[in-house]
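This report refers to the structure that appears directly beneath it.
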Amino acid sequence: MKKPINHILVVMFLVLLPNLTFAQQNISGIISDESGVPLPGVNVVIKGTNTGTTTDFDGKYSINASDTDILTFSFVGFIDQEIEVGNADSFNLSLQMGSDELDEVVLTGYGTTKRANLTNSVSKLNTESLVDRPIMTLGEAFSGQLAGVYAQQSSGLPGAEFNIKVRGTNSITSGSNPLYIIDGMPVESMRDINIGDVESIDVLKDASAGAIYGARAAGGVVIIKTKQAKTGETKIDLDVYTGMEAIAPGNALDMLSGPEYIEYREWGQTLRYINDNGGVYDGTTIGERSNKYHPRRWWYTNPDDIADTNWQEAITQQAIRRNYQVSIFKGVEGGNFMISSNYNATDGLVVNTKYERFSFRANGNYKINDIVSAGLSLSTTVSRENGRREAERKEGAYMRAIVADPTIPVDFNHRNHPLGLIDNPNPVLQMLNIKDFGKRKRSLVTSYISIQPIEGLDIKGQFGFDIEDFTYDWFKPMWVNKKARREARNEHRNDNKFLYQLTATYNLSLGSHNLDFLVGASAEEQDWEYTFLDSWDFGSDDIQTFNAATAFRNWDDYEMEASLQSYFGRAVYNYDDKYLVNFTIRRDGSSKFGENNKWGVFPAASVAWRLSNDIIDNPNINQLKIRASWGQAGNDRIGAYSSFGQLSGSNYSFGNSLSYGFAPSTASNPDLSWETTTTQGLGIDFGFFGNKIYGSLDYYKNVTSDVLLEVELPAVTGLTQASVLNSGEVENWGWELELNTNNIDKEDFFWSSSLNFTNNENKVTKLGYGIDQIIGTSRNQPTHRTMVGRPLHSYYMYKTDGIYSESDISNPSEDRPLIKNAVPGNPAIADTDGDGVIGIGDRTELGNNTPDYIIGFTNTFRYKNFDARILTTAILDFKAYWFFGRYADAGQQGRNQLSIWANGARRLPSTNGVPTGEAYTAGNGTFFKEEGGRLPDFTDRWLYDGDYIRLKNITIGYTFDKEIIDQIGMKNLRLYMSADNVLNSTKYPGGNPEANNSEVENTLTTGVDYAGYPLSRVVTFGLRATF
Amino acid sequence: MKKIRILFYSLITSIAIIGCDDDFLDLAPISQMTTGNFYQSSIQIDQALTGAYSDLNPLYDNMMIRAAIWRGDNSSQTQGYANNLELNISQYNENAGSQVSTDIWNTCYSIINRVNLVIQKSEGVEDYAQKAGHLAQARFLRALMYYELVRHFGDVPLVLNPVGLEESFTIGRTASAEVYAFVTSEFEAVSSPSSGLSSNQNDKGRPTIYSALGMAAKAYMQQGNYASAKPHLKSIIDSGKFSMQSDYAEIFKESNDNGPHVVFSIQYDKTIAGMGNAQPQQVPKMAAEIPLNGVTRKQMVSDDLWLSYEAGDLRRDLTIQNGWTSTEDGEFVPDDRFWIKYAKNNSPATFQEWGVDIPIVRYTDVKMLYAEILNSESYPSAEAFSILNEVRTRAGLANLTSAELSSLSSFFDAIINERRFEFAGESNRWWDLLRTGKDEAVLSAFASPAYPYSSVKRLFGIPEAEILKVNDPSILSQNPGY
């Protein structure tokens, strides 16, 4: 494979030619703040052009301009000023402090624009609003911050990635994740990116904005920019925090204690005894009955061994979170440099789980003369995770601990306990004894050289790579469970990605007409390598590396490659900051696509009209802009070789002599291509009363066509494995509001609010290939359905309808058909198809796991040196299936149950002295206690409203007065306290309604909670100092 | 000046962009071969052909043979593994979603696709010595699969080329007569020595010209076409290359695989993991008599079969085990009957890896079919009696003469009945009942009132999944009764 534009650099040097200067008058001056302190790094630009400079260390600037030009002075945190040059040759200005969010710069992909001139839908997340929060996974930063962006936390495991969705789910069986651009480098994930290094995050929400990233942008584009020094700035930042974690509100489940469990089990056996005894209760005690009716024989033979263990407490630990970051910033004339280093260590709530990250970053940019500048962004990270798979996987240690027998001691070991060997390991010992260790190294490097041969033209060559290396070791020593064998697994994955890119931007200003052009080309190469070894043949527990294995049980090794080649362009026309027009186009060719469809074109157009600069002249309306956009972006999330008919080994032994053979295992699909999302959007940006109230309102409709759909082919193809085809159509629509208000702005007291509101809904409009519906299954039973005209991935289960009464059972009728072996008090299943029997046709659609409404609300207060920020999030209108209820809330006899199953809540005895149990209220209705085993696995019995409102974070800080800290050589000193997951309000009983750890990673069965890793409440104390 | 400069840089930029190589995006899988880059040489054609043979293993030891056994009167309607999959077949109440239908359908079309690829792709490969042989084997396998499909399902899609993705949703069923015609003409086409198939008695599991003749005859017999079957059966007998084993027990010994009693068989090899025969494992888990034990009892012998053996029939105890001794407590469990034919005199590598082959056409079958034809032509036929008695003698039974079998039809009944015991535990019984039209009478008498036989069960249901995938009854319709 040849690199198509590897001669970029050669080209770049070819254009190293002297600059042209134009004879104009020279304007100079000093810019300072209100108190007269010079401001370095202020942007001084001739309005309507790209021509400009920045002030130096002493606030001085010098620029050539003609007398009709208007100079714009802007600096972050200050209000812009404009001055007409006229005859003067010097302007000394003092800029006023103030936040003018409308003038903030938004990253749009290969370029920037001012928010006020944006024509499509982009949301910006300033990390200022995240300062002091103990965010360890960058995805967490998105929670409640941006309209249209949903950050779903499916696990509380430290280091676990959040699931980020921009404007809903477009795809049915393929991923809908956004594309991430980190310092210009397109990557697949934000994994291990240190938030302490992030300056801003911009999200291109619609296909009109995303089209510039073409075939990968249908799920939105997240542009992350890391911190750089400001001109003239020299400082060292130190940020240290440490905190404690506890299980978050609602995440701890109230289970039966040891004595309660014994009583509960004895009750169950009494029922059985009575049943076997012809329904007659003869008044015997458990001890008087045959040991056949003893729930656990050893309780009666070895009563001294009975413990009262709270397994949930035993499996959790006092978790500490620590973070240290040192950053050095140096801004010099024409350049800036930053290096930082960070260490974050977060214990998990579950014993022996831990996430640790070491990261290092260096950023630098330098403009050596008027023509040439260059820069780089380098980060390298090592992260280590312990206990992840054992704790988190379905039926992992945490889940099993909750339902573990509380009469068994925590240090249970088959060799010292009458119970003897059991199949499942003691969950605590499982966490302590099994080696479960992953180690990942990631390096992300981008560099560029930029040349401005003439006024307004900027040619930039960029090179970058993202390499990730992951090793994983797992070793189960002998006797952790009943299986008398050692098991080990070793995995190694290596992912590399390389980018070569050349862009040129040109700015042309003709009076009020302002034109910006971008053209570019890029090539990306990706490769993956994966190996694993698996063995049961180890001679000792002491050596756990594979040199000690005598044979392999299983192994694999494969390599993959992919490439992407792209051309893109953008033209922006701005007439006097009144009328704005934006066209983009991208052409992507991908090796992943079939040979007949290698290339796709993704166009977009958007327009905006700034009424406030045109026909509205009202001092109270600072900004009013309407915009309309249309665009197309693609989703290419398929395997590298999905379009190929692949062969696998398929042998035959002729007369006991082996012959090697090969046979196709996947279908060849030379037409396979991207799925296309077409956005139509309308929006209003507003700012009133001196921008005390500002924000934006958006409506959008996305139509995703040629959906990448896994389709089971008719067997006449010879293949039964599902193939990815372009088929079907999905619509997403919704509206979004971002509203910011400065409520009080006094010298000693400041209060501002920021609200974002998201509405998103979807439906499938077509599936194609004669498919009416797609059923998702868990445990081989249908749980979800996706069908035309209905929302994606809807729950599809039996519906309960009260409980069976005595007369329902004794006089069965077609109106109220019974489930098998039903007894009075069992939950009744609704005969939704009305055929008089309970059968598969009675499954029905019962809502879905995608929230329709997402709200984030932040209030910021400042009183003298104190400040506080409170973030509240609400995720509304979605369902969550608590599969764990099937284990812990079904009256099962073999597992510990929720404490509502204890003695007190049960009627004993009822008629004829027969304890039949009692109805109680729990979950979705009134149910008889002993339902275990009778109810079908998937009913709405454990389907809950997932809606929650969460006091997500409170941060309180104190910033010392400058005068005081000056004396100890500091520029800034701040102490703070931050609390995450403070309060939670939900009807969901399982703790985290967003938990999703179904058997397999399967988008078709989203929202099945098997008792996921609990969320934690974190309280941290920190210090932030600037030297 | 400025404009020139802009033009200059634009030009350079364009050059940089245009300098892309066309092959940058052409990346083939590294760890897997593809349908696009394989099938390039004689070796690869051979390997692709082996890939087609490969699926014969699961088809015949795990799906097909047992489907036919469950259906007939040799299998118990009530005893078996808890999973109702198998019992439903013998209870005549399985639905179209049955795994049995699905597995047979899918595997047959998998092999057909592999063969179609071999045939299509070999056109692009230069001629080589074994090419004709490879193609003849491929055609034999494809005909064998259509033979199985047509007799299980009736009308089936007849595809003779690799099927495209879109196309696959539009392919309907071809009339069974047409499918049968294709099957017999293909078997006949490869049954001459010039076809490239071996003329030896065996070719180590590859079909010989005699395999093709035998299969052609069986396909004709299944349609009741004695006249067309006869010359093929006669050619096999006249070749002099085959002989029945003199001892019935020897037929199912691994050491006699590919022996002169075998006209065509499916090859199993216990020395290679995953390539053993799983059929013999269907025995009680704790049976002390069975090496390495079995896994479950999925399939139990009917009382009717066990009680129908003539006294002294040596084949009974070589086919069926009546009762077993538990390894757990040494207790004997009586009247619990399971197939032992393939396990009796063999030893496995693991409980589901046995080395013994599964015969598709035995020489005894050839001769008995021939006798059946001779009898139909003129009664009494000395040769037909001779064949019948050769089989009976080997089974330890007395000869039958025209005294006992005094008419054409009584001989016919006798030879069909003899086939029941001779081939018990193989797949012939059900097909014999169908082709002779005896199914209605025999199975109505056999089936318990709770699980009555219905003639709609002559065909298995088209797999429900296929019906749902195509989702258009005008293209792919279901068989009646499902």
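Tally up the residues in the stretch B:65-79 that are more than 17 Å from B:SER455 (Cα to Cα) and assigned to a loop (DSSP other than H, G, I, E, B), please.
Within the stretch B:65-79, residues that are more than 17 Å from B:SER455 (Cα to Cα) and assigned to a loop (DSSP other than H, G, I, E, B) number 1.
Starting from the stretch A:541-566, keep only residues that are free of Cβ contacts under 8 Å to residues at least 12 places away in the same chain, then list their pairs with residues that are not in a loop (DSSP other than H, G, I, E, B) whose Cβ atoms are within a distance under 7 Å, requiring at least 6 positions of separation or different chains.
That search, which allows pairs on different chains as well, returns A:ALA548/A:PHE538.
Suppose the filter is surrounded by 15 or more Cβ atoms within 10 Å (Cβ to Cβ), over 30 Å from A:VAL203 (Cβ atoms) and more than 44 Å from the chain's Cα centre (by Cα); does A:LEU256 pass it?
The answer is no for A:LEU256.
In the stretch A:601-618, how many are part of a loop (DSSP other than H, G, I, E, B) and aliphatic (A, V, I, L, M)?
Adding up the residues that qualify gives 2.
Of the numbered conditions (1) in contact with an Asp or Glu (Cβ under 8 Å, 6 or more places away or on another chain); (2) assigned to a loop (DSSP other than H, G, I, E, B), A:LEU499 satisfies every one except a single condition; which is it?
Checking A:LEU499 against (1) in contact with an Asp or Glu (Cβ under 8 Å, 6 or more places away or on another chain); (2) assigned to a loop (DSSP other than H, G, I, E, B), the one that fails is (2).
From A:ARG1017, A:ARG941, A:ARG950, which residue is at negative phi and modelled with pLDDT under 85?
A:ARG941
If B:LEU433 meets every condition in (1) assigned to a loop (DSSP other than H, G, I, E, B); (2) touching a residue at least 40 places away in the same chain (Cβ under 8 Å) apart from one, which number is that one?
With (1) assigned to a loop (DSSP other than H, G, I, E, B); (2) touching a residue at least 40 places away in the same chain (Cβ under 8 Å) applied to B:LEU433, the lone miss is (1).
Go through (1) at pLDDT 90 or above; (2) more than 33 Å from the chain's Cα centre (by Cα); (3) within 14 Å of chain B (Cβ to nearest Cβ) one by one and return the number of the condition A:GLY839 breaks.
Single failed check for A:GLY839: (1).
Please pick out the residue among B:GLU94, B:GLU86 that is away from chain A (no Cβ under 12 Å), closer than 26 Å to B:LYS457 by Cα and part of a loop (DSSP other than H, G, I, E, B).
Going through B:GLU94, B:GLU86 in turn, just one is away from chain A (no Cβ under 12 Å), closer than 26 Å to B:LYS457 by Cα and part of a loop (DSSP other than H, G, I, E, B): B:GLU94.
If you check every pair at least six apart or on different chains, which have Cβ atoms under 9 Å apart with a residue in the stretch B:409-421 that is of a type in the set (Gly, Ala, Ser) first and a residue that is in a helix (DSSP H, G or I) second?
Short answer, once both residue conditions are applied: B:ALA414/B:LEU388.
Every residue in the stretch B:189-229 that is within 14 Å of chain A (Cβ to nearest Cβ) and either in a helix (DSSP H, G or I) or touching a His at 6+ places or on another chain (Cβ under 6 Å) (or both), please.
B:SER211 - this is the single residue of the stretch B:189-229 that is within 14 Å of chain A (Cβ to nearest Cβ) and either in a helix (DSSP H, G or I) or touching a His at 6+ places or on another chain (Cβ under 6 Å) (or both).
Does the stretch A:824-839 include one or more residues that are of a type outside the set (Asp, Glu), farther than 24 Å from A:TRP882 by Cβ and in contact (Cβ under 8 Å) with a residue 40 or more places away in the chain?
Yes, that holds for at least one residue.
Within the stretch A:619-642, take every residue that is surrounded by 18 or more Cβ atoms within 10 Å (Cβ to Cβ) and assigned to a loop (DSSP other than H, G, I, E, B) and give me the one that is nearest to the chain's Cα centre (by Cα). Spell out the reasoning first.
Filtering the stretch A:619-642 down to residues surrounded by 18 or more Cβ atoms within 10 Å (Cβ to Cβ) leaves A:622-625, A:627, A:629-638, A:640-642.
Subset that is assigned to a loop (DSSP other than H, G, I, E, B): A:636-638, A:640-642.
Working: A:ASP636: 19, A:ARG637: 17, A:ILE638: 19, A:ALA640: 23, A:TYR641: 26, A:SER642: 26 Å.
Among those that are surrounded by 18 or more Cβ atoms within 10 Å (Cβ to Cβ) and assigned to a loop (DSSP other than H, G, I, E, B), it is A:ARG637.
Which of the residues spanning the stretch A:962-989 are over 30 Å from A:ALA248 (Cβ atoms) and within 38 Å of the chain's Cα centre (by Cα)?
A:MET970, A:LYS971, A:ASN972, A:LEU973
Working only within the stretch A:400-427, note down all residues that are crowded, with 19+ Cβ neighbours inside 10 Å and either at pLDDT 90 or above or in a loop (DSSP other than H, G, I, E, B) (or both).
The answer is A:ALA401, A:ILE402, A:VAL403, A:ALA404, A:ASP405, A:PRO406, A:THR407, A:ILE408, A:PHE412, A:PRO425, A:ASN426.
I'd like the residue in the stretch B:74-89 that is surrounded by 20 or more Cβ atoms within 10 Å (Cβ to Cβ) and in contact with a Lys or Arg (Cβ under 7 Å, 6 or more places away or on another chain) and, out of all such residues, is modelled with the lowest pLDDT.
If we take residues in the stretch B:74-89 being surrounded by 20 or more Cβ atoms within 10 Å (Cβ to Cβ) and in contact with a Lys or Arg (Cβ under 7 Å, 6 or more places away or on another chain), then B:GLY80 is modelled with the lowest pLDDT.
Can you name every residue in the stretch A:288-299 that is surrounded by 10 or more Cβ atoms within 10 Å (Cβ to Cβ) and of a type outside the set (Lys, Arg)?
Listed by number, the residues that qualify are A:ASN291, A:TYR293, A:HIS294, A:PRO295, A:TRP298, A:TRP299.
Restricting the stretch A:551-570 to residues that are more than 9 Å from chain B (Cβ to nearest Cβ) and touching a Leu at 6+ places or on another chain (Cβ under 7 Å), which is nearest to A:ALA608 (Cα to Cα)?
Here the answer is A:ARG570.
Can you give me the ranges of the strands (runs of 3 or more DSSP E) entirely in the stretch A:303-384 with at least 3 residues that are free of Cβ contacts under 8 Å to residues at least 60 places away in the same chain?
A:335-347, A:354-367
Just to be sure I understand, how many residues within the stretch B:36-56 are surrounded by fewer than 20 Cβ atoms within 10 Å (Cβ to Cβ) and either within 19 Å of B:SER265 (Cβ to Cβ) or within 7 Å of chain A (Cβ to nearest Cβ) (or both)?
Count: 1.
Evaluate the stretch A:681-696: report whether one residue or more is farther than 30 Å from B:GLN99 by Cβ and among the hydroxyl-bearing types (Ser, Thr, Tyr).
yes
For the stretch B:101-153, name all the residues that are more than 19 Å from B:SER54 (Cα to Cα) and under 16 Å from the mean Cα position of the chain (by Cα).
B:SER101, B:VAL150, B:ARG151, B:HIS152, B:PHE153
Only one of these is surrounded by fewer than 20 Cβ atoms within 10 Å (Cβ to Cβ), touching a helix residue (DSSP H, G or I) at 6+ places or on another chain (Cβ under 8 Å), touching a residue at least 40 places away in the same chain (Cβ under 8 Å) and not assigned by TED's automatic domain parsing to the domain that holds A:SER171: A:LEU983, A:LEU973. Name it.
Among A:LEU983, A:LEU973, only A:LEU973 is surrounded by fewer than 20 Cβ atoms within 10 Å (Cβ to Cβ), touching a helix residue (DSSP H, G or I) at 6+ places or on another chain (Cβ under 8 Å), touching a residue at least 40 places away in the same chain (Cβ under 8 Å) and not assigned by TED's automatic domain parsing to the domain that holds A:SER171.
Out of the strands (runs of 3 or more DSSP E) lying entirely within the stretch A:170-214, which hold 3 or more residues that are of a type in the set (Asp, Glu)?
Details: elements: A:179-182, A:185-187, A:198-204.
It comes to none.
If I go through the stretch B:309-344 residue by residue, how many of them are more than 21 Å from B:ILE69 (Cα to Cα), at pLDDT below 90 and part of a loop (DSSP other than H, G, I, E, B)?
5
Which residues, counting only those in the stretch A:30-83, are more than 20 Å from A:THR113 (Cβ to Cβ), among the acidic types (Asp, Glu) and surrounded by fewer than 17 Cβ atoms within 10 Å (Cβ to Cβ)?
A:GLU34, A:ASP58, A:ASP67
Examine the stretch B:106-121 for a residue that is out of contact with any helix residue (DSSP H, G or I) (no Cβ under 8 Å at 6 or more places or on another chain) and more than 11 Å from every other protein chain (Cβ to nearest Cβ), and state whether such a residue exists.
yes
So which residues in the stretch A:742-771 are among the hydroxyl-bearing types (Ser, Thr, Tyr) and assigned to a loop (DSSP other than H, G, I, E, B), if there are any at all? Please lay out each step first, then the result.
Step one: filter the stretch A:742-771 for residues among the hydroxyl-bearing types (Ser, Thr, Tyr), giving A:752-754, A:758, A:765, A:769.
Matches in the stretch A:742-771: A:TYR769 only.
The values are calculated or read from the model by the stated rules, or taken from the named source; none is laboratory data. Predicted model only: the values in this text are computed from it and were never measured. Neighbour counts run over all protein chains shown; Cβ positions are idealised from the backbone, glycine included.
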